[in-house]
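The values are calculated or read from the model by the stated rules, or taken from the named source; none is laboratory data. All figures in this text were calculated on a predicted structure; none of them were measured in a lab. Reconstructed Cβ throughout: ideal geometry from the backbone, glycine too, with neighbour counts over all protein chains shown.
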Amino acid sequence: MEDLRLVNVTKKFDNFIAVDSIDLEIKQGEFFSFLGPSGCGKTTLLRMIAGFEIPTEGNIFIGDTDISKLPPYKRPVNTIFQNYSLFPHISIYDNIAFGLKVKKVHKSEIKDRVQQMLKLVKMEAHKSKFPNQLSGGQKQRIAIARALINEPKVLLLDEPLAALDLKLRQHMLIELMNIHDAVGITFLYVTHDQSEALNIADRLAIMNKGSFAQVGMPDDVYERPETIFAAYFIGDTNLIEGRVVEIHDEFATVVCHTDSEHEIEIDTTYHRQPVLDEVITLSLRPEKIAISRRPPKRKDDFNILQGVIEDILYGGTHTQYIVKVGAHFLRVFQQHKKVYIDELSLDWEEHVYLYWHDTDTHIIFETDKNKVNSENIMKTIRRK
Amino acid sequence: MTYQSNIKRFFDGFNIVIFTLILLFLYIPILILIIYSFNDSKIISGWSGFTFKYYKILWENENLKNAFLNSLLVASISTIISTTIGLITALGLENRYFKAKKFIQGIIFLPLVMPDILMGISIAMLFSFLRFPMGRMTVIIAHITFCVSYTIIVIQSRLKGFDHTLQEAAMDLGANKTKFFWKVKFPIILPGILAAALLAFTLSLDDFIITFFSTGRGFNTLPIYVESAIRRGSVTTINALSTIMILLTLFITIISKPIRKMII
């Protein structure tokens with residue numbers, strides 16, 4: 001097995017801890033993604049695997065070999081750089097052949113393998129061009145070919161699509177997945193773009209301040225965030241702090257206290273049973289909430305709240321409503337499908353019903369100390 | 001026609017006049033020089049008929065040929081050495097953590113602003129203080145000294161545009177530092193190195209003042225020989241010599257164009 005293993009990997013720059021004792025195992029052939037805001041340490045972690053940085057503590061293994069102190073040119077990994085870093089003075093053919101030429105592979109073999117790579121990235125027609133004659137997407141393909149020709153155990157991709165425009169990015173993402181399926185090498189993909197990571201990765205790790213906020217499959221991380229940071233960083237969410245007042249077999253009732261006048265009761269299912277009277281945070285994705293002037297016809301297993309529309313923001317694929325419920329502000333996304341609209345469109349200051357299924361509420365066993373949620377909501381409300 | 005467009009027309013005309021005058025002042029002397037190199041007269045006064053006589057005299061002048069070969073020798077050796085030193089220094093000054101960097105950068109710039117005569121005298125004094133015999137060796141040393149500043153600066157400007165992520169890319173692909181240098185960095189900065197060499201060569205070839213102070217009896221470079229020949233009064237042969245030099249320079253300019261293209 002050629003799994004990639006990180007054991008207690010730490011990197012300090014003077015007194016700043018960029019990466020804080022990370023443990024991780026990535027299986028051979030997996031498409032794994034590091035996702036996090038800029039400065040979270042994801043690139044430093046990648047550079048330690050590539051060999052451009054040496055860990056202050058801890059070890060990196062590929063299979064049973066400890067590579068943590070090897071120079072980059074002795075590691076069985078290759079990197080795709082954000083700015084491609086193609087060699088400007090040699091042709092596309094020579095760029096791709098570079099790794100093999102350095103290793104003194106026989107010429108006829110180089111020719112065959114370069115041809116094979118050009119075919120893989122669909123760039124056969126461009127082999128005698130120079131890098132400055134190619135577009136961004138084409139350069140990216142060449143960078144991929146130049147790395148993969150060395151048959152690395154792990155391919156590291158450092159925000160490879162950041163410099164491309166949206167449509168090309170979506171296209172290249174699919175292309176990358178196809179290439180991954182074709183070569184079966186472990187891909188390690190660093191990005192700050194959540195949709196890229198969710199789309200492409202088998203598993204992903206959300207990073208914050210040098211450590212992992214959560215590691216898991218994309219749907220797991222999105223639907224069942226374990227930390228406030230994970231819930232908040234991926235997608236949008238409503239975070240509501242509350243106290244557990246009742247625990248049943250399949251669900252718990254949480255009272256969200258704001259002040260004595262306003263109390264909301266929310267039912268939620270759970271994956272780990274909470275303790276009575278425990279203070280927890282509920283995460284509720286805005287797209288899970290339905291909004292309407294009338295209450296729903298079905299009521300079992302539904303949470304139903306009443307509120308007033310505070311603000312409306314049109315967003316193309318959906319409209320965002322900010323609804324004041326008691327002293328809470330909740331964000332609600334509604335799509336504009338004609339089949340959904342059985343009434344006149346909602347207006348500012350209207351009284352509405354919000355409802356969602358119990359299973360769409362998720363418990364996070366953490367309290368929102370930094371008040372990221374409420375502050376962020378206040379920023380999205382326009383000043384009146 | 002409006003008042004403003006009249007003003008604009010006036011200045012456009014003015015520009016053209018100035019431009020033409022500059023061109024005339026620059027090139028008419030050279031043109032006269034070339035024409036008179038074919039003039040069959042001992043003094044520069046009036047046209048007395050076409051001749052190749054002075055070119056023939058030049059060809060038969062052993063002293064002149066010697067001076068010319070000396071110039072080529074000095075220029076070649078000082079170019080090779082000063083470009084090598086310049087390359088090594090420029091690469092060394094890339095190190096961000098090198099503390100004396102600013103100081104050394106200042107020392108490098110100093111010879112560029114210092115008058116040649118000062119440099120010439122100081123070099124002459126140094127050699128005489130060391131009782132070093134003046135001649136070919138001292139001239140070469142002096143030329144290397146003043147060319148090094150130029151080569152360092154030209155190579156540095158090329159290095160400034162070098163994308164350092166290429167080093168990571170090369171090492172990632174299996175190249176160690178030596179291979180990275182010879183396969184990636186050196187070919188990319190080569191146009192800068194060639195430009196530095198070309199500059200050093202021309203500077204050395206036409207230097208008079210510093211050579212004058214650093215040479216000894218019996219070792220003449222071309223500019224030194226020309227100066228003494230003019231003092232002795234054989235202006236007409238010098239016209240022919242200058243014409244040859246102009247053609248030579250023109251040739252170098254033309255072959256340097258593709259090199260400059262590579263830099264851009």
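The residues listed here are B:Ala142, B:Ala169; of these, the one that is surrounded by 22 or more Cβ atoms within 10 Å (Cβ to Cβ) and within 14 Å of chain A (Cβ to nearest Cβ) is B:Ala169. Entry remark, region B:103-113: residues being under 16 Å from B:Ile144 (Cα atoms) and free of Cβ contacts under 8 Å to residues at least 40 places away in the same chain number 3 in total. The C-beta contact set for region A:235-253 (first residue closer than 16 Å to A:Val275 by Cβ, second residue of a type in the set (Gly, Ala, Ser) and surrounded by 15 or more Cβ atoms within 10 Å (Cβ to Cβ), distance under 7 angstrom, 6+ apart or interchain) comprises A:Val244/A:Ala252; A:Glu246/A:Ala252. Kindly check whether there is at least one residue in region A:352-367 that is assigned to a loop (DSSP other than H, G, I, E, B), within 27 Å of A:Val244 (Cα to Cα) and polar (S, T, N, Q). Yes: one or more hits.
Every condition in (1) surrounded by fewer than 18 Cβ atoms within 10 Å (Cβ to Cβ); (2) out of contact with any helix residue (DSSP H, G or I) (no Cβ under 7 Å at 6 or more places or on another chain); (3) at pLDDT below 90 is met by A:Val372 except one, and the failing one is (2). The conditions of being surrounded by 16 or more Cβ atoms within 10 Å (Cβ to Cβ), over 30 Å from A:Asn83 (Cβ atoms) and free of Cβ contacts under 8 Å to residues at least 40 places away in the same chain are not met by A:Val221. Across region B:202-248, the qualifying residues are those that are among the hydrophobic types (A, V, I, L, M, F, W, C) and in contact with a Gly (Cβ under 6 Å, 6 or more places away or on another chain), and the one among them that is nearest to B:Ile80 (Cα to Cα) is B:Ile210. Take the residues in region A:185-234 that are of a type in the set (Gly, Ala, Ser) and not assigned by TED's automatic domain parsing to the domain that holds A:Lys11; name whichever of them is nearest to A:Ser33 (Cα to Cα). Applying the filter and picking the extreme gives A:Ala230. If you check A:Val308, A:Val275 for being among the β-branched types (Val, Ile, Thr) and assigned to a loop (DSSP other than H, G, I, E, B), only one passes: A:Val275. Among the candidates A:Glu2, A:Glu109, A:Glu57, the residue that is surrounded by fewer than 17 Cβ atoms within 10 Å (Cβ to Cβ) and touching a Gly at 6+ places or on another chain (Cβ under 6 Å) is uniquely A:Glu2. Across region A:345-358, not a single residue is classified as of a type in the set (Val, Ile, Thr) and modelled with pLDDT under 90. Counted as qualifying within region A:155-249 are the strands (runs of 3 or more DSSP E) with 2 or more residues that are among the hydroxyl-bearing types (Ser, Thr, Tyr), namely A:186-191.
Consider region A:276-333 and keep the residues that are over 31 Å from the mean Cα position of the chain (by Cα) and among the charged types (D, E, K, R). The one that is nearest to A:Val352 (Cα to Cα) is A:Arg293. Test A:Ile206 against the stated conditions and say whether it is β-branched (Val, Ile, Thr), modelled with pLDDT of 90 or more and farther than 28 Å from A:His328 by Cβ. Against the criterion (β-branched (Val, Ile, Thr), modelled with pLDDT of 90 or more and farther than 28 Å from A:His328 by Cβ), A:Ile206 does not qualify. Would you confirm whether or not region A:43-56 contains a residue that is in contact (Cβ under 8 Å) with a residue 24 or more places away in the chain, within 14 Å of another protein chain (Cβ to nearest Cβ) and farther than 23 Å from A:Val215 by Cβ? Taking every residue of region A:43-56 in turn, at least one turns out to be in contact (Cβ under 8 Å) with a residue 24 or more places away in the chain, within 14 Å of another protein chain (Cβ to nearest Cβ) and farther than 23 Å from A:Val215 by Cβ. The residues of region A:94-106 include none that are surrounded by 11 or more Cβ atoms within 10 Å (Cβ to Cβ) and away from chain B (no Cβ under 14 Å).
The residues of region A:37-52 that are of a type outside the set (A, V, I, L, M, F, W, C) and over 17 Å from A:Leu4 (Cα atoms), listed by number, are A:Pro37, A:Ser38, A:Gly39, A:Gly41. Looking only at region B:172-200, residues that are facing chain A (nearest Cβ under 9 Å) and aliphatic (A, V, I, L, M) come to 5 in all. Any chance you could count how many residues in region B:206-241 are closer than 18 Å to B:Ile121 by Cβ, among the acidic types (Asp, Glu) and surrounded by fewer than 19 Cβ atoms within 10 Å (Cβ to Cβ)? Summing the residues that are closer than 18 Å to B:Ile121 by Cβ, among the acidic types (Asp, Glu) and surrounded by fewer than 19 Cβ atoms within 10 Å (Cβ to Cβ) in region B:206-241 gives 1. For region B:44-71, filtering for residues that are touching a residue at least 40 places away in the same chain (Cβ under 8 Å) and over 10 Å from B:Ala240 (Cα atoms) leaves 9. Counting the residues of region A:1-15 that are farther than 17 Å from A:Thr186 by Cα and not in a loop (DSSP other than H, G, I, E, B) gives 7. Step by step: first the residues of region B:43-80, then only those that are touching a helix residue (DSSP H, G or I) at 6+ places or on another chain (Cβ under 7 Å), farther than 21 Å from B:Thr145 by Cα and of a type in the set (Val, Ile, Thr), then the one that is surrounded by the most Cβ atoms within 10 Å (Cβ to Cβ). Which residue is that? Per the stated criteria, the residue is B:Ile57. Looking only at region A:64-86, how many residues end up being surrounded by 22 or more Cβ atoms within 10 Å (Cβ to Cβ), facing another protein chain (nearest Cβ under 9 Å) and not small (Gly, Ala, Ser)? The qualifying residues number 7.
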